[in-house]
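What follows is a set of notes on a single structure, which appears directly below.
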Amino acid sequence: MTLSISAPAADFWRAADRHLIRYGGPFVPAIVERAAGSYVYDSDGRAILDFTSGQMSALLGHSHPAIVDAVRHSVSTLDHLFSWMLSRPVVDLASALAESLPDPLSKVLLLSTGGESNEAAVRLAKLYTGGHEVVALSQSYHGVTHASAAASYSVPRRGYGPVIPGNLVIPAPDAYRPTVVKDGRLDWRTQLDQAFAMVDAQSVGSLAACIVEPILSTGGIIELPSGYLAALKAKCHERGMLLILDEAQTGLCRTGDWYAFQRDGVTPDIITLSKTLGAGLPLSAVVTSAEIEERCHERGFFFATTHTSDPLPAAVGLAVLETLRREALDEAARRLGDRLRAGLLDLRGRHEAIGDVRGRGLLQGIELVTDRQSRTPANALGTAVTRACLDLGLHLNIVQLSSVSSVLRLAPPLTMSDAELDLGLSILDEALAKTRPPA
């Protein structure tokens, strides 16, 4: 039986409880009927300000006219093809992505999800180098498929059996909770030296790649320090490894640059994109050099899914890139990011529970602590503040993992107005003021 749009909420939740497989944290207690701009609207007609851009993906807000037009045109003319049939949207998007990236990144594979793109990137690196060992950061998140899950350490791993062999972990450079300290601050260079000494000790001589996020988002908004990427790339190349950057959440203007790695002037060997590329639709990409692609092709590289090179999502991705350029949304992300940072620092000055403010552009977060001296994560308080925000009309903190639920992630759309951003900060202020730490 299909529920009608006017079915009572109790019937909806009973049907959800009866038929849905739960896939992580609890469902948000709202029935969403529609979304537009910076808001989603529930079945009671309540407007909820969306500070997470859907699943960190609705970069241009909900139902942006350029996306609506691209979907409407493509679905009526060219939506899906055999994966080895090419269409103009696919080649046009590949060309546009290559033009947006520095040399030598020029060869593109279009897929559906971030996990798929990371899976393909790891396969490219293994085939190119002939190795199989993959290094990743603690607190990383790269997806839930085979290789991407094996390189993810911020989510539970118990109960699923062994991951693929050859995965090695090094500590994330967490400036708020440093494990190696010099002059009272994180000594990331010494930490990185120690980390790769451990990699060398564990390796069986088959190192293939290191995959990292410029900002570890699911892991708690941990930004790689300035200079870290250059040092990491040098460590990789010294060992014949490729550097893969996962810019699912940081790519395409969210941090204020077109790509987060541009701040450091370091070009990866492979970059993966998803989330922001499709602006809410399932689209991802792997981009690498012609030299890497040529060797992998010669060695028989194969990675194809049902929706590889699909024209409809490619048309959407092209509309995203065109809109970012036309509306100068990199500049908007920098300006709004400065406004967001100033507002969050003001909140920190007035709320003792905020221990840290971190992030870049329109990907920022605050960490709630039991006290600023111990820096003990206030996970239960984070969950309570998230619920209070929702009650007041603001959705944030889509990570409900017990290990990082003290971190409230904020990733509003790049199209958000100043007034909407200020409203979100005001609601967060009110939620923090009215929420007491659970006993």
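Coordinate-derived values only; no laboratory data. Not measured: the values here are computed from a predicted model. Every residue, glycine among them, receives a Cβ derived from its backbone with ideal geometry; neighbour counts consider all protein chains shown.
Between Ala230 and Glu430, the simple label model (points 7 Å from Cα in the Cβ direction) yields a spacing of 4.7 nm.
Averaging the Cα positions of each part gives two centres, and for the range 343-359 and the range 1-72 these lie 30 Å apart. Roughly how many Å is it from the Cα centre of the range 289-319 to that of the range 150-206, as a whole number? Value for the Cα centre distance between the two parts: 30 Å. Sequentially through the range 229-234, phi angles give Karplus couplings (6.51, -1.76, 1.60; θ = phi - 60°) of 4, 5, 5, 5, 4, 5 Hz, Gly and Pro residues having no value and appearing as x.
How would the range 146-254 be classified by its alpha-carbon gyration tensor: rounded, prolate or oblate, with rounded meaning a/c under 1.5 and the a/b versus b/c comparison settling the rest? Before the final figure, lay out each step's value.
Details: a/c = 1.38, a/b = 1.15, b/c = 1.20.
Note, shape of the range 146-254 comes out rounded.
A simple spin-label model places pseudo-atoms 7 Å from Cα toward Cβ; at Phe301 and Ile164 they are separated by 1.5 nm.
Overall dimensions of the range 176-228, expressed as equivalent-ellipsoid semi-axes from the Cα gyration tensor (√(5λ), whole Å, largest first), are 22, 16, 9.
For the range 49-110, take the convex hull of the Cα atoms, compute a quarter of its surface area, and give me that in nm², please.
Details: hull surface 23.6 nm².
Value for the range 49-110: 5.9 nm².
If you look at the Cα atoms of the range 265-410, you get an Rg and a Dmax of 20.2, 60 Å. Our Cα-only numbers for the range 239-326 put the radius of gyration and Dmax at 14.3, 42 Å. A DSSP coil position with no more than 16 other Cβ atoms inside 10 Å describes the following trypsin sites (Lys or Arg not before Pro) in the range 83-161: Arg157, Arg158. In this simple spin-label approximation, Gln202 and Glu238 carry label points 7 Å from Cα along the Cα→Cβ vector, and these lie 1.8 nm apart.
Taking θ as phi - 60° and the Karplus parameters 6.51, -1.76 and 1.60, the scalar couplings of the range 104-110 work out to x, 6, 8, 10, 10, 10, 9 Hz in sequence order, x denoting glycine and proline. The shape of the range 43-180 comes out oblate: with a ≥ b ≥ c from the C-alpha gyration tensor, a/c is at least 1.5 while a/b does not beat b/c. Put the Cα centre of the range 83-124 next to the Cα centre of the range 364-436 and the gap is 35 Å.
Take every DSSP beta bridge whose two residues both sit in the chain; close to 65 percent of them are antiparallel.
Rank Asp103, Asp330, Asp246 by mean-square fluctuation in a GNM of the chain with C-alpha springs under 10 angstrom and give only the top-ranked residue. Highest fluctuation among the options: Asp103.
Phi-derived couplings, Karplus 6.51 cos²θ - 1.76 cosθ + 1.60 at θ = phi - 60°, listed residue by residue for the range 172-188: 5, x, 8, 5, 7, 10, x, 9, 10, 10, 9, 6, x, 10, 4, 9, 5 Hz, with x used for Gly and Pro. The value given for the chain is a Kirkwood hydrodynamic radius of 22.6 Å, derived from the mean inverse Cα-Cα separation.
The lysine pair count for the chain, using Cα distances under 22 Å and pairs eight or more places apart or on different chains, is 6. Just to confirm a number: summing +1 for Lys and Arg and -1 for Asp and Glu over residues other than Arg348 whose beta-carbon lies under 13 angstrom from that of Arg348, what do you get? The answer is -1.
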